[in-house]
Amino acid sequence: MQKFNIIIILILGLLAARSDAPREQLVTLGQAFQNLNIQIREQTLSPDSAQMRFQAILKELREVSEPYRQQICQGDSIGFVFPLRDYDAEQIGGNGSGFRPFGFNLFDHSVQGSHPAHDIFIYDRNQDCIDDQTDKPVDVLAMRPGVVVATETNWTPESSYRGGNFVWIYDPCLDGLFYYAHHSRVMVQTGDQVVAGQKIAEVGRTGFNAAKARSGTHLHLMYLQLTPEAVPVPINTYDWLAAATILR
């Protein structure tokens with residue numbers, strides 16, 4: 001059954017590669033999304049204004065992605081792929097207890113304390129971002145098909161922001177956003193259409209806290225479900241991760 005699911009994923013991927021969603025519009029919307037992230041992070045935009053701008057961008061993204069959605073979102077056959085190659089749910093920090101959504105506000109950077117995500121740790125005792133068992137970097141895989149709406153690839157140790165190098169992917173089937181963070185390398189660009197199981201990055205230690213010695217090397221994974229009004233709501237992905245297909 002697992003092999004069958006992987007075949008389905010690959011077939012859907014070939015179809016997605018021929019999607020009619022206009023890349024230029026996706027790139028433009030992605031740039032707007034990225035600029036909004038920067039404004040939120042630098043607190044140059046009020047939370048209310050940031051939310052209104054976010055909703056406008058995501059509503060337009062829904063419309064632009066509609067041909068892609070119609071092409072790949074047939075039935076419930078896509079499933080989930082575990083986001084780290086050769087890893088499984090046993091490496092989720094705190095057995096899933098790390099998910100703390102209370103107080104989360106995507107639009108107010110001054111609000112801290114929540115953790116609406118899961119950290120998935122790799123075997124990296126010397127913190128060189130190389131797997132101790134394979135002596136290779138660990139691939140970050142897209143859990144679902146979607147459209148890359150933002151990336152960060154130029155994080156430096158002097159940077160104070162928390163996400164480091166990251167990837168945001170809009171899933172038109174679930175109508176939500178996946179956020180993958182702390183990468184050493186990013187392999188995708190804004191506007192790319194990815195398939196479930198595709199390599200999008202390599203696990204790293206980028207980000208204000210993730211770079212510190214007290215932090216184990218991990219992938220930070222968050223999913224935000226959009227309401228009909230395009231308001232983001234954090235969802236606990238633990239059950240998805242526990243049931244996901246593992247790629248090796």
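Of all residues in the stretch 115-135 being closer than 23 Å to Asn236 by Cβ and in contact with a helix residue (DSSP H, G or I) (Cβ under 9 Å, 6 or more places away or on another chain), which is surrounded by the fewest Cβ atoms within 10 Å (Cβ to Cβ)? Lay out the reasoning, then the answer.
If we filter the stretch 115-135 for residues that are closer than 23 Å to Asn236 by Cβ, which is where we start, we get 115-122.
Keeping just the survivors that are in contact with a helix residue (DSSP H, G or I) (Cβ under 9 Å, 6 or more places away or on another chain) gives 118-122.
Values: His118: 26, Asp119: 21, Ile120: 24, Phe121: 17, Ile122: 21.
Only one residue fits best here, namely Phe121.
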Scanning for something surrounded by fewer than 20 Cβ atoms within 10 Å (Cβ to Cβ), part of a loop (DSSP other than H, G, I, E, B) and within 17 Å of the chain's Cα centre (by Cα), does the stretch 136-153 turn up at least one residue?
yes
Inspect the stretch 102-114 for any residue being closer than 27 Å to Leu26 by Cα and open to solvent by less than 10 Å² (accessible area, probe 1.4 Å) and give the result as yes or no.
no
Test result for Gln189, part of a strand (DSSP E or B) and farther than 18 Å from Arg85 by Cβ
no
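For (1) within 26 Å of Ser160 (Cα to Cα); (2) among the aromatic types (Phe, Trp, Tyr), each residue gets a yes or a no:
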{"site": "Ser46", "(1), (2)": "yes, no"}
{"site": "Lys59", "(1), (2)": "no, no"}
{"site": "Phe80", "(1), (2)": "no, yes"}
{"site": "Glu90", "(1), (2)": "no, no"}
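Which residues, counting only those in the stretch 196-215, are part of a loop (DSSP other than H, G, I, E, B) and open to solvent by 30 Å² or more (accessible area, probe 1.4 Å)?
In the first step, residues of the stretch 196-215 are kept if they are part of a loop (DSSP other than H, G, I, E, B); the result is 196-198, 204-215.
Matches in the stretch 196-215: Gln198, Phe208, Asn209, Ala211, Lys212, Ala213, Arg214.
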Determine which single condition Gln225 fails, assuming it passes every other condition in (1) open to solvent by 40 Å² or more (accessible area, probe 1.4 Å); (2) under 21 Å from His182 (Cα atoms); (3) of a type outside the set (Phe, Trp, Tyr); (4) in a strand (DSSP E or B).
(2)
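The values are calculated or read from the model by the stated rules, or taken from the named source; none is laboratory data. Because the structure is predicted, anything quoted here is derived from the model rather than measured. Ideal geometry is used to build each Cβ from the backbone, glycine not excepted, and the neighbour counts take in all protein chains shown. Side chains are part of the model used for accessible areas, which takes the heavy atoms of the whole protein and leaves out ligands, DNA and RNA. Shrake-Rupley method; radii C 1.70, N 1.55, O 1.52, S 1.80 Å.
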